[in-house]
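The values are calculated or read from the model by the stated rules, or taken from the named source; none is laboratory data. Quick caveat, the model's predicted, so the values are computed rather than measured. Cβ placement follows ideal geometry from the backbone for every residue including glycine, while neighbour counts extend to all protein chains displayed.
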Amino acid sequence: MTKLLDQGAVKAARAWCAEAPVEVFDQLPSSNDRVAELAAEGAPEGTLVIAGEQTAGRGRHGRSWASPKGGLYFSFLLRPDEAMLRRLPPTLVGGLAVCQALDVFTPEGTKAQLKWPNDVLLDGRKVAGILGEMTRGDDGYRLVLGLGVNLGQVEFPDELSETATSVAALGEAPEPSAFLSAFFESFASLYRSVQRGGGALILAQAAARMPSLGRPIKLHLANSTVTGIFSGLSATGGLVLESEDGTRRDVHLAGEVEAVRPR
Ligand code: BTN
């Protein structure tokens, strides 16, 4: 964990938001919870919390997120305004930034991919996940983006052994601070670009990393499963699902994609 405490982590955060505080812990229940606490106390955009391991890591859909030593767990605060909330979801931007950072540290020819909306895959297995949690206070919207990245883990719990991977499984894992630097360099540039209205270009970059695009999928929603062709991304990052009868439905940041073999 001392590696996380080096100047690299602090520098990485500063590149994104110069004045934002950075907290580093060997162990935390959940870095998302800590950032939410700091946000409620008025912490500025960019506030970053990094944990060496988590005892109550949370994933999407109320799942837990296994967070042993060897992985990288971090959360940071965004304070989007209404206009920004109508643009691309920051979770999608975060997923693309993780892909770009992974490309720096994985063997040549390995391209990190996205499973809509923002699971990050290497060789078809999940290497990183993103949890966005938003609340609204007197001070406006507080969006906590939490990222779990499997950097150095070489073993996974039985239930994940077929579906999860890590950077270490493909080669050498980077120092956490080096990964953070690469991530925030990408995220800062992508997020600023969305703020300036450049969402379409970011959307195209994200789409190019989605292997299920244009293919038949099953989309598992909260209470049902729908099938169709994943025909594209909407301007706000939603999944456009085309049914057999040609009707199109825009699903916005809900659900879980499963690839199915074409008949
Ligand atoms: C997913 O289900 O894919 C999202 C996983 C997000 C996990 C990260 S780890 C850092 C932050 N703290 C948490 O409790 N969860 C997120």
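Given the criteria closer than 28 Å to Pro216 by Cβ, more than 14 Å from the ligand (Cβ to nearest atom) and either touching a residue at least 60 places away in the same chain (Cβ under 8 Å) or buried (at least 24 other Cβ atoms within 10 Å of the Cβ) (or both), does Leu92 qualify?
Numbers: closer than 28 Å to Pro216 by Cβ: yes; more than 14 Å from the ligand (Cβ to nearest atom): no; either touching a residue at least 60 places away in the same chain (Cβ under 8 Å) or buried (at least 24 other Cβ atoms within 10 Å of the Cβ) (or both): yes.
In short, no.
Return a yes/no flag: does the range 64-76 have any residue that is at pLDDT 95 or above, more than 22 Å from Tyr191 (Cα to Cα), in a strand (DSSP E or B) and hydrophobic (A, V, I, L, M, F, W, C).
Within the range 64-76, none of the residues are at pLDDT 95 or above, more than 22 Å from Tyr191 (Cα to Cα), in a strand (DSSP E or B) and hydrophobic (A, V, I, L, M, F, W, C).
Could you grab the pairs with beta carbons closer than 9 Å, sequence gap of 6+ or different chains, first residue in the range 205-220 and farther than 20 Å from Thr236 by Cβ, second one hydroxyl-bearing (Ser, Thr, Tyr)?
As it stands, the answer is Pro216/Thr227; Lys218/Thr225; Lys218/Thr227, since those pairs meet every condition given.
So, in the range 102-124, how many residues would count as being within 16 Å of the ligand (Cβ to nearest atom) and not in a loop (DSSP other than H, G, I, E, B)?
Pass one, the range 102-124, residues within 16 Å of the ligand (Cβ to nearest atom): 102, 112-122, 124.
Cutting the leftovers down to not in a loop (DSSP other than H, G, I, E, B) gives us 102, 113-115, 119-122.
Qualifying residue count for the region: 8.
State which residue is farthest from the ligand (Cβ to nearest atom) when the search covers only the range 126-177 and only residues that are crowded, with 17+ Cβ neighbours inside 10 Å, in a loop (DSSP other than H, G, I, E, B) and among the hydrophobic types (A, V, I, L, M, F, W, C).
So, considering only residues that are crowded, with 17+ Cβ neighbours inside 10 Å, in a loop (DSSP other than H, G, I, E, B) and among the hydrophobic types (A, V, I, L, M, F, W, C), the one farthest from the ligand (Cβ to nearest atom) is Ala173.
Mind listing whichever residues of the range 116-141 are modelled with pLDDT of 95 or more and of a type in the set (Lys, Arg)?
Arg125, Lys126
Mind listing whichever residues of the range 196-215 are of a type in the set (A, V, I, L, M) and either under 11 Å from Leu92 (Cα atoms) or part of a loop (DSSP other than H, G, I, E, B) (or both)?
Ile202, Leu203, Ala206, Ala207, Ala208, Met210, Leu213, listed by residue number.
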